[in-house]
Amino acid sequence: MQSNFEGKVVLITGAASGFGKLLAQRLAPQGAKLVLGDINETALDALCSELGECAVGLRCDVSIEADQQALAQLAEKSFGRLDIAINNAGISAPMKSLLDTTEADMDLSFAINTKGVFFGMKAQIPLMQKHKCGAILNVASMAGINGAPKLTPYVAAKHAVVGITRTAALEFAAQGIQVNAICPFFTPTPMVTEGVDPALIEQLTRAVPMRRLAEPNEVVSAMLHMVNPDNGFMTGQAIAIDGGVSAI
């Protein structure tokens, strides 16, 4: 499938690192207009400077609804519309037993990973309704469709993302708005690998039928496919990018 992002206005949360940064770096040369949000303002400013006039940025804490509204409004103010939104911002969680998991652990994961997607869509969908078209991609996880021992808050929050995605897809399909989720397996981005025992990474790699982990750019390629304007009949899907893990 050929890329077709010329002139498309694309909003990305969590844009200053990981998948978000790679998305921005790959979309800019394809002619997209980028609206980038991240809580790390310094890194965000550096990325916008790198990308040039096609990108505008705003510090955005995705757990705060007003920040999400401001980011969506920036898209309309800067470029007049919003065509694609990628709700990418998220946090990982320390590994611990369900019995050791605290209310604070649950609250933090839901605030960023679930409410961050919910608030994003609440801000983005009205802009898409004005033009009766649009595509939203929510970044979930394999932990959003499978279990993951010792990651209860993360699993619960990402399952909620998949549920919200499917519900929104049904609500807005007739208005020309697609809503999908991508569910990557463990991928070595800084957010995921920071502080992780190398032995765990080796163990996870052995569990993958392809006997390797995904390269971040491979996941980003799948994300771009899912929001490509030519991919117009996909909605309500939670797509696993997992090297075959979900086929076991």
Inset, instruction - Please work out the C-alpha center-to-center distance from segment 6-38 to segment 188-239 and express it in whole Å. - result: 18
Legend entry - Segment L204-E6, length gained on full extension (0.36 nm per residue, minus Cα span): 67.5 nm
Inset, instruction - Rank by packing, highest mean first: peptides 178-185, 219-226, 143-150, with packing defined as the count of other Cβ atoms within 10 Å averaged across residues. - result: 178-185, 219-226, 143-150
Legend entry - Rg over Rh [alpha-carbon atoms, Kirkwood Rh] for segment 169-248: 1.07
Legend entry - Accessible carbon and sulfur surface of the chain relative to its total accessible area, %, 1.4 Å: 55
Inset, instruction - Express the accessible area of the chain per residue in Å², computed with a 1.4 Å probe while the remaining protein chains stay in the model. - result: 46
Inset, instruction - Assuming R0 = 22 Å, can you tell me the calculated FRET efficiency for the pair K77 and L170, based on Cβ-Cβ distance, to the nearest 0.05? - result: 0.10
Legend entry - Pairwise label distance in nanometres, Q30 with R211, each label 7 Å out on the Cα-Cβ vector: 3.2
Inset, instruction - Would you mind putting 80-88, 164-172 in packing order, based on average other-beta-carbon counts within 10 Å, highest first? - result: 80-88, 164-172
Legend entry - Residues of segment 59-92 with amide N under 11 Å of a point placed 7 Å along Cα→Cβ from A43: 90
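The values are calculated or read from the model by the stated rules, or taken from the named source; none is laboratory data. Here the structure is a predicted model, which is why all the values come from computation and not from measurement. Don't worry about glycine lacking a Cβ; one is built from the backbone with ideal geometry, like all the others, and counts go over all protein chains shown. Note: accessible area is taken over every heavy atom of the protein model, side chains too, but ligands, DNA and RNA are not part of it. Shrake-Rupley method; radii C 1.70, N 1.55, O 1.52, S 1.80 Å.
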